[in-house]
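The values are calculated or read from the model by the stated rules, or taken from the named source; none is laboratory data. Remember, it's a predicted structure, so these values are computed and weren't measured experimentally. When we count neighbours, we look across all protein chains shown, and the Cβ atoms used for this are built from the backbone with ideal geometry, even at glycine. Remember, those area values only see protein heavy atoms, side chains included, never the ligands or the DNA or RNA. Shrake-Rupley method; radii C 1.70, N 1.55, O 1.52, S 1.80 Å.
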Amino acid sequence: RLHTLEFSISPLVGTKTSAVILQQLSFNYITFIDVRKSRGRHIKRQFEILCGDACNSTFSSRLSQQTKGYIHVKSPIPLDAMEQADAYLYNVRHPVDRILAWYQYEHPSRCNYSSPGGHKACSTIEDIQEYPDGNAALCYKTCFPTSNVLPLAFTNSTRVSHECKHFAHRLVQNQVSGPGFSHVPFGFDLQYYARKTIDIHPAKSVLVVRSESIWNDLQDLEVQLGGNRNAFVPVHDEDDEDDVVVDAATNYAPLCCAVWNDMQTYRRLLKLAVNLNSKKKVASLLHAVHHCGFSSWVDMEQQCSTLQAPSPFQNIMLVDIRKSKGSTVRKNFQAFCKAKPSQCSQPPLASVLSQSLTGYMHGKGDPPFNVIHNADSYLFNLRHPVDRLLALYHYDDPTYRQKDGSKGQLARYCFDSDKTLNENCTRVAYRLSQSDREHNARDFKKLEYYVNVTMDVYPNKPILVTRAESLWQDLVDLDKWLGGSGIIGEQKQNSLPVSLRDKDDDTADYASICCAMQDEVHTYRRVLERAVNLKSTERAATIEQAAKHCGFSSWSEMENRCKAHATAALAKGQPSKDVPSQPATLSPMTNIVFVHVGKAGGQTLRALFKVFCESDRKHIPDECAKAPDSVLSNKTIGYIHPKEVRPQGSIEASNVFLYNLRHPVDRMVSWYYYEHPQSCLDTPETRLACRAAQEVDRKPNGDTARFFVKCFPTIDLLSQPFNHSTTSSLSLDCIKLAHDVLEGKVNNRGFKHIFYNMHYYTNITLNQHLENKVLVVRIESLWQDFKDLDVMLGGNGNFGAIEGTRDSHGSETYKKNVTKLSMDQYSLLCCALSEEMDIYRNLMKLAVNLNEREKET
């Protein structure tokens, strides 16, 4: 059956062709996608773009001549290789074999300093010796001394402790790094490469070289491109670092299920491969499932959906979506009762699910970002967006509360007599679709908001879901899935039904709301698709029902009808999302606090605020006298930089935070040169650099001297500690210091503006006052953003002679010493500053003074 199935469902296979007659192919630009631990180094030797003079080859093959792009791990070579290519060439390997190749490659037992392939294992030993409680020691010594133990971490086996199971879960979610994990395949798996290639450019052709038949596939592909088969001569290394030892007695099924999404992508690439005939595809697809211990792909999907949860999920965060029936169950969770004991009449039952829930967010009570960061998974309570909207009116609107409460009355409240959507529902539906937080929508945060701060920031963390229409059954099933008994607590029913539709209601009414909230409905579907605790049949049925609940027969019908209908449904003078909007009116905003983020243009702006210039200061900048009066200045009641809060209490009295932002890597580079001891010129502008120079002289073994003199005298060296694909010449002390400095953990002279980072500023402002609105000015359009903001607040945007000026903070004095970063180095530093990048992204998304196009740019 599987043999027949694979022939019938692959659209690119067509009719069965002979294994001898190869289909001719023609491409102008091939980009090689070098998937980690898939024998890519054998293929790289064949391409002139990657070898140059280093390889002993004439590069006469057609494949080498047509391969003009390359990507491995991060940045493509050249940068436009993805866009220019008309075909992508992937080296693919069974996901389990990739895991085993990494494990055996970096295992301490393989250490050999004289072998090119053995130095990574030696780094693992060094890390275990230096950090006996670190990740490497936990993985290779405590939990998984041999590879056959790893699959047991995803079962109920008592041979593996809960701590080790949790570690294995973090491992497959790409949350473990450092020595011993530099070649771990989970972060840069097939899904990662698919998202960067065929997901963005689905029309481009796919070529595949399978690691188990690498030389035969290369030779066949060369013939298909019109070349000579003999252009590729097989090379076999005696000590191949990518060789794996597969234990025939080990059951790899749990490990296959743990990387199920990667298995699906592996299958997808094989089916799309235009260079493989049907016989080769089916053979590889059958081998893939048999290698996992299953009889077919159908058998694998069914068994993987019923297997025990792949980890204890010890730190689940409950994402309690407002008006989604969360109030009926959250009192049964220990995390909620601990945070709000007054709302729990009795202690909740100690179910596995309740004990696993350690974090909670809901409406105004959203947690700081560190709670979201520390969670290992997110549990969403979902409800159809239309029902959420109508529940809002039932719950929040005083006019409706006076009505009889019937669902028909509610529908009539939202719709006019001619069955068109009236302004009552249009207003909130439109505001929800635009992320506006005014009116009742201020507390009624979109599902998209919760997704933005959780699964979008941490895309590798698992998503769990309960559905309002089957709430208690989903909770019981989830507790069992986590290893519990399924006894959750007392089942209580909310007075409001799950669905607020009457059977006699006109479906066109609800279709109008769905179109008005189309983005929200699609986000609802997106979360459902990620739910790991639901069976595939449950997910599919719920997604199908979501479209029907809107009055459409399918999602495609909704997509087509909403394109023509959404604008009409939202008429009443509302602008279209496709038309760039004019600056919004923000005139009601008051009590603004300017959060001056260091090295992001704040020095230029601060003199424009009375609250800064009129504060009790020893030195008032001359620019203060030049700054004209402005509405923005008059509405700003506080100033923060870095520890200084003027006046005291202004944060608590604020309604709005205004941040000046700069790309985190550019901000870090500016800090590096501004406080580098070599930038000291004994001028007021370089006083921090001079203090750092004094610190170097005073403490030659201190953090400042070690960082700027011993470890990283030039900024290009700072990317090395984060490049796990090459061996660094830096000491472990330098590597650790780099991590600590860029994570804002070092607060000595020379590190002021990197210690007081965006994490620090948001932690003392927005994280403590999540109800506040966010305004942003970007350094790349500093004055334009500032002028626009003043106009939005009711001013004229005129700042006189000071307009357009820049306070360089003395940067012109050290430009001669600047070392430029390469694109690869810049990319590595982006990863090193990933938390800052997340905060930068979140603040941009929350900025109410920027339109969607400006945010995306």
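Quick notes on this structure:
- Solvent-accessible area per residue for region 190-236 (1.4 angstrom probe, square angstrom): 41 Å²
- Accessible area per residue was computed with a 1.4 Å probe on protein heavy atoms; GLU538 scores about 50 Å².
- For ILE77, solvent-accessible area (1.4 Å; no DNA, RNA or ligand), Å²: 80 Å²
- Considering all different alpha carbon pairs of region 84-171, the Kirkwood hydrodynamic radius works out to 14.6 Å.
- Fraction of accessible area attributable to carbon and sulfur, region 694-792 (%, probe 1.4 Å): 49 percent
- Working value for region 129-224: equivalent-ellipsoid semi-axes of 35, 16, 14 Å, each the square root of 5 times a Cα gyration tensor eigenvalue, largest first.
- Surface composition of region 590-684: carbon and sulfur atoms hold 48% of the protein heavy-atom accessible area at a 1.4 Å probe.
- Computed P(r) (all Cα pairs; region 735-778; 5 Å bins; percent): 5, 20, 22, 19, 14, 12, 6, 2
- Per-residue HN-Hα couplings for region 189-195 [Karplus 6.51, -1.76, 1.60; θ = phi - 60°; Hz; x = Gly/Pro]: 8, 4, 4, 4, 5, 5, 5
- At the listed q of 0.13 Å⁻¹, the Debye profile of region 63-113, built from one uniform point per Cα, gives log10 I(q)/I(0) equal to -0.52.
- For region 658-752, Kirkwood radius (reciprocal of mean inverse C-alpha pair distance, Å): 13.9 Å
- Cross-link pairs beyond the 32 Å C-alpha cut-off, checked among LYS37/LYS710; LYS165/LYS281; LYS446/LYS820; LYS44/LYS710; LYS204/LYS461; LYS752/LYS787: LYS37/LYS710; LYS165/LYS281; LYS446/LYS820; LYS44/LYS710
- A P(r) calculated from all alpha carbon pairs of region 701-857, with 5 Å bins opening at zero, reads 1, 7, 12, 15, 17, 16, 12, 10, 6, 2, 1, 0 percent.
- Backbone amide hydrogens, once placed in the peptide plane, bring LEU379 within less than 5 Å of MET317, LEU318, VAL319, LEU464, excluding anything fewer than 5 places away on its chain.
- Once the C-beta distance of THR805 and SER554 is scaled by a Förster radius of 51 Å, the resulting FRET efficiency is 0.30 to the nearest 0.05.
- Cα-derived Rg to Rh of region 600-737, Kirkwood definition: 1.08
- For VAL532, the accessible area of its heavy atoms, probed at 1.4 Å with every protein chain present, is near 70 square angstrom.
- Values of log10 I(q)/I(0), in the order q = 0.28 Å⁻¹, for region 619-696 under a Debye, Cα-only, solvent-free model: -1.19
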